[in-house]
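Worksheet: the structure to be examined is printed underneath.
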Amino acid sequence: MIKVFIAGATGWAGSELSKGVFNNNQMQLVGALSRKHKGENLADILNLKNADIPVFEDIETALSEVNFDVLIDYTNPEVAKTNIIATLKKGKNVVVGTSGLTDDDYTEIEKIANENNTSVLAVGNFAITVVLLQKFAEMAAKYIPNFEIIDYAHEDKIDSPSGTVRELAYRLSKVQKPIVHVSDDELVGEKATRGASLNGVQVHSVRLPGFVISVETIFGLKDEKLTIRHDSGTSAEPYVKGAMLAIEKVGTFKGLKRGLDSVMEF
Ligand SMILES: NC(=O)c1ccc[n+]([C@@H]2O[C@H](COP(=O)([O-])OP(=O)(O)OC[C@H]3O[C@@H](n4cnc5c(N)ncnc54)[C@H](OP(=O)(O)O)[C@@H]3O)[C@@H](O)[C@H]2O)c1
């Protein structure tokens with residue numbers, strides 16, 4: 001039985017996951033983090049039957065009052081970083097669902113995980129279709145040294161690019177850095193229109209009503225191109241299964257792993 005603590009358990013993604021963990025007979029949901037519901041019972045908030053799941057306002061109080069094996073975080077990048085570091089320092093493992101942490105944040109987190117003999121599994125997107133997109137894009141990047149990513153999301157998404165795109169750019173850069181055909185210094189006109197370079201991968205973010213979350217990786221060769229695209233729907237259901245797999249697997253290694261496929265068999 002894995003004892004699970006969910007930070008952000010009352011949010012869009014966290015509440016769906018809370019129901020999944022609650023109904024999983026290999027897991028026990030032992031506590032949650034939410035400022036608005038501090039002191040309440042998560043079971044009452046989410047209509048879960050016969051359970052007492054305390055809600056805390058901050059991770060330090062939670063760590064001193066409840067015993068758990070794995071923290072899964074679905075809050076925001078700033079809060080997540082505090083939660084992750086505090087939890088690792090107490091010798092517990094962490095699954096990161098929150099997007100917006102940078103590669104530098106992960107370098108720091110990896111160091112703390114190693115120092116405390118604990119593990120972190122950070123997954124920009126738990127949906128199986130996204131895991132496949134990452135795999136297919138990595139295969140393409142082996143053969144095609146020219147690629148850019150377009151990141152589409154709803155107008156009020158505060159983090160840019162999305163966690164999915166940040167992770168994808170990081171992973172593709174590890175396969176190979178795309179060729180720079182015109183350097184920043186050679187560019188004329190509005191340089192910002194070329195987007196941002198993440199680990200050498202050019203990323204363009206679109207934020208408009210009408211979009212949920214989509215990602216498009218475009219690979220170009222002379223006289224041919226390949227587009228690999230993923231579109232998310234509006235519910236948080238596709239993330240639940242992957243997040244529970246991450247909770248199961250995070251204790252099977254030490255240090256940091258990024259991406260759900262890092263603990264899956266292909
Ligand atoms: N990896 C994936 O597959 C995946 C999938 C979906 C979403 N996400 C990411 O997950 C994160 C959450 O998304 P969401 O749409 O679920 O957000 P949301 O609906 O706004 O939920 C945020 C949750 O975090 C809690 N929270 C926020 N600030 C807090 C603080 N200072 N202390 C304690 N709790 C705090 C909120 O509760 P209170 O306001 O009551 O504090 C709420 O429960 C985002 O970064 C999103 O991009 C990732």
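Just so it is clear, none of the values below were taken in a lab; they were calculated from the coordinates. The structure presented is a predicted model; accordingly, all values stated were derived computationally and were not measured. Using ideal geometry, Cβ is built from the backbone for each residue, glycine included, and neighbour counts are taken over all protein chains shown.
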- For the chain, give the share of DSSP beta bridges that are antiparallel, in percent and rounded to the nearest 5; count only bridges with both residues there. 40 percent
- Grab the other residues whose beta carbon is less than 15 angstrom from that of N47, score K and R as +1, D and E as -1, and report the net. -2
- Which shape class applies to segment 152-194: rounded if a/c is under 1.5, otherwise prolate when a/b exceeds b/c and oblate if not, where a ≥ b ≥ c are the square roots of the Cα gyration tensor eigenvalues? oblate
- Query: Hey, can you rank 120-132, 231-243, 79-91 by average C-beta count inside 10 Å, highest first?
  - Reply: 120-132, 79-91, 231-243
- About its Cα centre, how strong a charge dipole does the chain have in debye, to the nearest 20, once Lys and Arg get +1 and Asp and Glu get -1 at the Cβ? 560 debye
- Message: Using alpha carbons only, how many angstrom separate the centre of segment 36-67 from the centre of segment 111-126?
- Response: 24 Å
- Task: Can you bin the chain into rounded, prolate or oblate? Criterion: square roots of the alpha carbon gyration tensor eigenvalues sorted a ≥ b ≥ c, rounded for a/c under 1.5, prolate for a/b above b/c, oblate for the rest.
- Result: prolate
- Query: So for segment 128-231: antiparallel DSSP bridges make up what percent, rounded to the nearest 5?
  - Reply: 75 percent
- Query: For the chain, what is the calculated [θ] at 222 nm in deg cm²/dmol (nearest 500), taking -39500 (n - 2.57) for each run of four or more DSSP H residues and dividing by its residue count?
  - Reply: -10000 deg cm²/dmol
- The aspartates and glutamates whose Cα lies under 13 Å from the Cα of K111, excluding any fewer than 8 residues away in the same chain, are D103
